[in-house]
Structures are given as structure tokens and as C-alpha cells.
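Notes for the one structure printed next.
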Amino acid sequence: MAIRTFTGSEGSIYSATNDVNWQEEQIAFVMAILGMDIDAIDTVTIDEIIETSRALFDVSILNSAIKPILVGGKVASDSGADSSVEGKNYRHASESWIAAQKVQLEEVVRRNFHWRHLAKGVM
Amino acid sequence: MAVQFGVSDLFRKNVVALELTKTRHTEMDNFRTGARADFYNHGKNYVAALNPDKRAIAGAHDPYFMMHEVCADVHPEWEAHIWTSAAMRMFLIDMANPTDILFTGPEGCRHTMELCGDSSTNVTFLNSMDFAILEDWWPTSPDMSALNPKYSVCDMEDIEDGSLAGTFDYIEAHFAHVMGVDSKISDAYLNLLKPGGTMVVLCTGAYKGLYRNQTMIHHNYYEPNMALLNRSDLDVTHYPIDPGYTVIQRPAS
């Protein structure tokens, strides 16, 4: 790679090829983190990547085993046995942290996938 | 038809800011009649022609990727929100008066193109879709062409491999370009600064999301921000205004 300079007559100095190469490296990085086959990078869809992420980091839905609830003026643990008095679902701190990592991976790979698609359109 | 948004006081305050602001760029670079309007219309058509797969950005929480579409047909409160951010960006650059600048997500406007036409300033862009749009746009504008812009472009690999370390005294980077799944990319950006140089990272507050989250340290922008903060050789200031700015300065020595 080298810096390219426009001084008035060079025409376009944007390189779609270099752009695609960088985006693919980043997409492959996330695929590897998710345990996906990076050889599939030419055919993988963003849906497959996101679904793999959601399966690996299964913390998308709030479904606590113990749900704090106020019963008769006293805090109790609703185990969900009585569906008429459901307590509050929450994420454990550790689940919340893992969820943040999942969101981060997905945010980054969505960007790279989007940029790669557009850059390929310029090639 | 204007794009419809849910609005809040956070946006309305920018309407006041817009009404009470006057700079030499106010008329030339406003969204409705100036160079920016022309740029965003051009960008909207450019991106549409590439047939974007919107499944990739289905999260829709990142306005950056809808910027050209939104700004080409802008809601007044959104216009004020973007303008306020843009005015701050221009102000910070003018204050720093840099010689060697790197932009990752340049906006097509008179301010940017004047920098490119200024022989005392070396402007470098990141090889990105934002640059592709800018490069496709300015030759279509007689006003911008008359500025005789000159500039360079570098690839992300140039940034990551360290070959540009210590090159720039001003970097304006969008967090979307700086943030990766680890701190390797952000470290590479920080290494680009000359002693005494300044880097402004835009949208480090996740478009306010970082400030609203019940438990901030569990927001996914927390660790990337910490990657900026953890460098002991730099001064890092996070401004929690609008989408969030982080201003990073490398001491002169």
C-alpha cells in the first residue's frame, strides 16, 4: 500500500479493491471469533453471521430464573410457578457484559459488511 | 417528503443553536441550499446506485450509514442536530490550524474543500466510501472545482502497519472507523499523531446511547472508549455533548 496523491489531473484515486480487501479482513476476523469457516467469506450472508453470533452469545432475551417481586409488602423471589404474579426479568451483570461484547461484534461486522458491499459496487 | 423522526429536547436545543449561530460558512454550507445540500444529494444518489443490502445495517441504530439519505431530505430538527455537530468540527479544525490533516469520514462542504485548496495544508483522506463519494462529487461543482483542491488518500493498511506513525497534527475520525473488536485499530490511529497533535473522534457517545444506558459500563461503547483512555502517553477528554466527542492530544514532549 502507498499513499496516493491528487494534484489536479490524476482522476479518481479511491481504490475499491483496497477498500474491499480491508473490509474482508475485518469480516474474516469476526467470523473467526465466532468459530465460522473464513473460507466461506465470499458466500456468507450477514444474516448467517448475526445468527451465529446470537447462538453463541445466547443473552438476547431477558429470562431470569429468579424474578424479584413484591408480595404483601415483602420482597420475594418469584420462580415463575404462578404466572399471574410474575416478577421482573433482568440480566445478571455477567450476562449484560457478554451482551455488550455480542453487540460490539455485530456492530463492527455490520459496518464492514455494508462498506464491502458498496465498495464492490464501485469495482 | 421529509424523513420523519421522533424528536426530543435533545434535538430541539440544536434548533436554538442553529438559529443563534452565524459563521462565514453558515450560508455556504447549510443543508438546504449550499454545498452540503448538493453533496448529500449526490451521495444519496451515489449510494442508491450501488444497490446497498440494507440487511447489513438492519440494526438501524447507526445514523452514520443513512447520513446521505437523511441529509438530502432533512427534517429541520435533524438538520439542526447535524449542523451543530458540523459547526463544532469546523471550529475545532480552525482552532488547531493544522498543517497535516487526516479525515476518515469527510463531509463535502466548502470548509473541507477550502482546506484541500490551501497550499499550506496537507489533507489526507482515508480510502473509504465517504472519500469515494467526496471524490465523485466535487468535480461536479464549479464552486468547489474553482478551489483547485489537492489531497492524498491512504489505505487502512497504511494506518495499521505503522508506516504513517507521527505523520499528522490533526486527525478527525468517526468512531465507526476507529472502533474495532479489539484495540488494535484505535491504537494504530493514535500512533499517527505528531507530538503536540490533536485527534477528534466523533460519535464516541454512541449518538447519546452511552449516556442513557442504565449501566454505562455495560454499553458496548465502553470498552472502545477505554481503549482510548488507557494510553498513558496521551491526554484524553470526552465531551458528552450531542453524539459525543473525544478530543485526544499528544503532549508536545
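So the values come out like this:
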| quantity | calculated |
| --- | --- |
| Between the stretch B:179-196 and the stretch B:78-104, the Cα center-to-center distance that results, in Å | 20 |
| Distance from the stretch A:87-118 to the stretch B:37-56 (C-alpha centre basis), Å | 26 |
| Relative contact order (percent, whole number), chain A, Cα cutoff 8 Å, 6+ residue spacing | 32 |
| Rounded to 10°, Cα long-axis angle of helix A:16-33 versus longest principal axis of chain A | 30 |
| Value at 222 nm in deg cm²/dmol, rounded to 500, when DSSP H runs of n ≥ 4 in chain A each add -39,500 (n - 2.57) | -16500 deg cm²/dmol |
| Cross-link partners of A:Lys88 among lysines (Cα-Cα below 24 Å; sequence separation of 8 or more within a chain) | A:Lys67, A:Lys74, A:Lys102 |
| Debye, to nearest 20: dipole size of the protein assembly as shown, +1 on Lys, Arg Cβ, -1 on Asp, Glu Cβ | 1060 |
| Cross-link reach list, lysines versus B:Lys44, counting only Cα pairs under 20 Å and skipping chain neighbours closer than eight places | A:Lys120, B:Lys54 |
| Positive minus negative residues near B:Phe168 (Lys, Arg vs Asp, Glu; Cβ under 11 Å) | -1 |
| Between 0 and 90°, nearest 10: helix A:93-122 axis offset from chain A longest Cα axis | 30 |
| Residue-averaged beta-carbon neighbours from other chains (10 angstrom radius) around B:155-161 | 5 |
| For the stretch B:89-200, share of DSSP beta bridges that run antiparallel, in % to the nearest 5 | 0 |
| Proximal aspartates and glutamates relative to B:Lys13, as straight alpha-carbon distance under 18 Å, when same-chain residues fewer than 8 apart are discounted | B:Glu77, B:Glu79, B:Asp242 |
| Theoretical ellipticity at 222 nm over chain B - DSSP helices of four or more residues, -39500 (n - 2.57) apiece, nearest 500 | -11000 deg cm²/dmol |
| Averaged over A:109-122, number of beta-carbon atoms from partner chains that fall within 10 Å | 6 |
| Bridge type composition, chain B - antiparallel percent by DSSP, nearest 5 | 40 |
| Average partner coverage of A:4-16, which counts Cβ from other chains inside 10 Å | 5 |
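Read-outs throughout are calculated quantities, based only on the coordinates presented, and are distinct from any laboratory measurement. Keep in mind that what you see is a predicted model, and the values were worked out from it rather than measured. All Cβ positions, even for glycine, are placed from backbone atoms using ideal geometry, and neighbour counts span all protein chains on display.
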